[in-house]
Every structure is written in C-alpha cells, then in structure tokens.
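None of the figures in this text is laboratory data; all of them are computed from the coordinates on show. These numbers were taken from a predicted model, which means no experiment stands behind them. In this analysis, Cβ positions are derived from the backbone assuming ideal geometry, glycine residues included, and neighbour counts consider all displayed protein chains.
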C-alpha cells in the first residue's frame, strides 16, 4: 500500500543525523533538545502543489509543522507545501 499525498502536501522521509558519541554520562530520562529545523528527503508531492521540488530532493522544514501519520503499521511524515522553507540543490 502506497501513501499518496493530496491537498498541497508533501510526503517526506526523515534524514538521520549522524549520531555523536559522548563520553559524558547522562540520566536515562535525558532527551536531547530537537533542532527547530531539519532536512527531509521528498518521497512524493501532491499533484496540486506549486512548489518546485520533486522526489529525492532535500527540503528544509520547521520540525513542528511535520505531521506524523500512523496507519496500518506504517508511519508517514507529511507537511503542507507552505511550511517548506527551502530546498538544497
């Protein structure tokens, strides 16, 4: 089953940041602060999007605007095209 975005949304794939090794011990409850913006790889774009990006392009998005949809044991990350701040060419 493939998810197809519509209504000006983009389907995104999270780009993993390289993990940094640390020699400092921290409590188990500690969660590092998430960056305000991240790079995402575009998987697909709704047909009615006016943004000039396509599959495999990298876009910079405000992390708080990315919606995570869990359906049928799958996780999809979507964002409205208005929240794409730019692309990396």
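List every residue pair whose Cβ atoms sit under 8 Å apart, with the two residues 6 or more apart in sequence or on different chains, where the first one lies in the range 32-45 and is part of a loop (DSSP other than H, G, I, E, B) and the second, anywhere, is surrounded by fewer than 16 Cβ atoms within 10 Å (Cβ to Cβ).
Final answer for the pair search is 34/63; 35/63; 36/62; 36/63; 36/64.
Identify the residue in the range 46-73 that is under 14 Å from residue 14 (Cα atoms) and part of a strand (DSSP E or B) and, among all such residues, is farthest from the chain's Cα centre (by Cα).
Looking only at the range 46-73, we keep the residues that are under 14 Å from residue 14 (Cα atoms), and these are 55-69.
Right, trim to part of a strand (DSSP E or B) and you get 58-62, 67-69.
Working: 58: 10, 59: 8, 60: 8, 61: 7, 62: 9, 67: 8, 68: 9, 69: 12 Å.
Among those residues, the one meeting the criterion is 69.
Checking the condition at negative phi and surrounded by 12 or more Cβ atoms within 10 Å (Cβ to Cβ), which residue from 29, 81 passes?
81
Restricting to the range 36-89, count the residues that are more than 17 Å from residue 6 (Cβ to Cβ) and in contact with a helix residue (DSSP H, G or I) (Cβ under 7 Å, 6 or more places away or on another chain).
Total satisfying the criteria: 6.
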